[in-house]
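The structure under discussion appears below in the form of structure tokens.
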Amino acid sequence: MKKKTRLLALFCALAMAASVTACSSAETSSEAASTPDASSAADDTASTAEEGGDADDTTPVSGTITFLSWNNETAMDPVLQGFRDANPDVTIDLIYAPPIQDYVEKFQILYSTGELTDVFVTAAENKAAVLDNEIALDISYLDAFDRLSQKNIDTYSRDGKVYAFAPDGWYCGVFYNKRILEENGIEVPTNYEEFNQSMQTLKANGVQPWVFSNTLYDPIQGYVATETINYDPEYDEKVNNGELTYADGWTKPMQLWKENYLDAGMINEDALGLTGDQANEVFAFEEAAYMVGATWSPSALEELNPDLEYGMLPWFGTEDGVAWMTGAAGVGWSINKDAKNMDGAKALLEYLTTDEALTIFQQETAGILAVDGIDFPLDPVLEEGYQYFLDGKYYLPATAWKYSDALGNNMTINTQEIVAGNMTIEEFVQDMDDTRIELDAEQ
């Protein structure tokens, strides 16, 4: 009971704070999380029945399979129909809880009362609880992991075992207006210096270089990727275990953000009042050259302005050749280690990893698949960033933070405080470290 009591406290804290797992300019309903290498996990565990074992997907299963999903029935019913057809004696009890807060609360209630479903979703917001409390079954025996992006595998892995199958993800970079750049004699930037110079040229020509919404931290996250994670992929793990501090890896990115965006006049207090939808309108109506753009952004922009000509850039690092996207693997499907219908749960997850199911899932959710060998439609603008996604050159701090709820909330508030002149960079990073230390002491 102590373990579940601690978990209840953790989820109460999660439910009370805003999660920072996506770009600032839009909302998303199926994105999440990052952890160690699991490429050899299948060899280590496939023969261990209690950790998964081989599932015989040719023998129909029966009974009721309970499934806690944060994709609704409209999206999931077409995905599940093929499994129902092959297993006519099965009933799938799909319980929908919308992300993020409602899902976290529902998961917490079901787990703490001993009623967690056979299959459930693991996301950035409940990953630590799932792994720390050993709630999920090791599913590294699934053949589909051979075709899944390593970063998606790593996201839900620990000690060589995999606890969720995350078929998709998202990425976020810089959208640029092609017409505005061309009219101002600017070639599409290919590195840090060219990008910063383009912003200065636009400003000097009286053109608004950027539009940001009221969350202003996206360039910071990009700089953390290019200046810190690029050189030390284990940085966040080292912070989590106390070996390094946030001051070690965030001071330079914060300074670059201040120099290139605040001091240069690209961000000011006007941005504090803009919503994501309003920022979309400014960019779509060609009133600014750059905006933060994510994989879910094109539909909204192109609805506002079907004739908009724009492209996508990564976040450029100060070293030539270094460039990253922000982004994360999507949420993953997990099997409850204590599933009431274990055979059914294994068979269902086996089916969900097939080309048939994944193709339908992509069609229903418009996700960016990270599974090799499955073709799916991708907006031409997003194709410019897709290779970074496939190469694992994307990063989101919240997915690696031990206390993503508290730190994410602080990041949102404190960047606004810096813009308003009420906080320094040194105070920002010190607050991050103080928060982590305080929460560590409460454990």
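Before moving on, here are some points about what is shown:
- Unmet criterion (only one of (1) over 22 Å from E194 (Cα atoms); (2) without any contact (Cβ under 8 Å) to a residue 60 or more places away in the chain) for N240: (2)
- Here the condition is being in the same structural domain as R436 (by TED's automatic domain parsing), touching a strand residue (DSSP E or B) at 6+ places or on another chain (Cβ under 9 Å) and in contact (Cβ under 8 Å) with a residue 40 or more places away in the chain; of L202, L256, L216, it holds for L202 alone.
- Lone unmet requirement of (1) closer than 21 Å to F67 by Cα; (2) in a loop (DSSP other than H, G, I, E, B) for K402: (1)
- Taking the criterion of being in contact with a strand residue (DSSP E or B) (Cβ under 8 Å, 6 or more places away or on another chain), over 12 Å from F165 (Cβ atoms) and of a type outside the set (V, I, T), the residues of segment 323-342 that qualify are A323, W324, M325, G327, A328, N336, K337, A339, K340, N341, M342.
- For segment 182-203, filtered to residues that are aliphatic (A, V, I, L, M) and buried (at least 19 other Cβ atoms within 10 Å of the Cβ), the residue that is nearest to L262 (Cα to Cα) is M199.
- If only residues of segment 245-271 that are among the β-branched types (V, I, T) and either touching a Leu at 6+ places or on another chain (Cβ under 7 Å) or part of a helix (DSSP H, G or I) (or both) are counted, the one that is surrounded by the fewest Cβ atoms within 10 Å (Cβ to Cβ) is T251.
- Residues that are more than 22 Å from E125 (Cβ to Cβ), β-branched (V, I, T) and at pLDDT below 95 within segment 358-405 comprise V371, I374, listed in sequence order.
- Residue match in segment 272-295 (condition: in contact with a Phe, Trp or Tyr (Cβ under 8 Å, 6 or more places away or on another chain), farther than 28 Å from I368 by Cβ and assigned to a loop (DSSP other than H, G, I, E, B)): no
- Only one of the numbered conditions (1) among the charged types (D, E, K, R); (2) over 20 Å from the mean Cα position of the chain (by Cα); (3) crowded, with 22+ Cβ neighbours inside 10 Å is not met by K127, and that is (2).
- Residue, farthest from the chain's Cα centre (by Cα), within segment 162-197, restricted to residues that are within 19 Å of E227 (Cα to Cα) and in a strand (DSSP E or B): V174
- The number of residues in segment 95-117 that are within 21 Å of T365 (Cβ to Cβ), in contact with a helix residue (DSSP H, G or I) (Cβ under 6 Å, 6 or more places away or on another chain) and surrounded by 18 or more Cβ atoms within 10 Å (Cβ to Cβ) comes to 4.
- Residue within segment 72-95 that is of a type outside the set (V, I, T), modelled with pLDDT under 50 and part of a loop (DSSP other than H, G, I, E, B) present: no
The values are calculated or read from the model by the stated rules, or taken from the named source; none is laboratory data. Because the structure is predicted, anything quoted here is derived from the model rather than measured. Cβ coordinates were reconstructed from backbone atoms using ideal geometry, including for glycine residues, and neighbour counts include every protein chain displayed.
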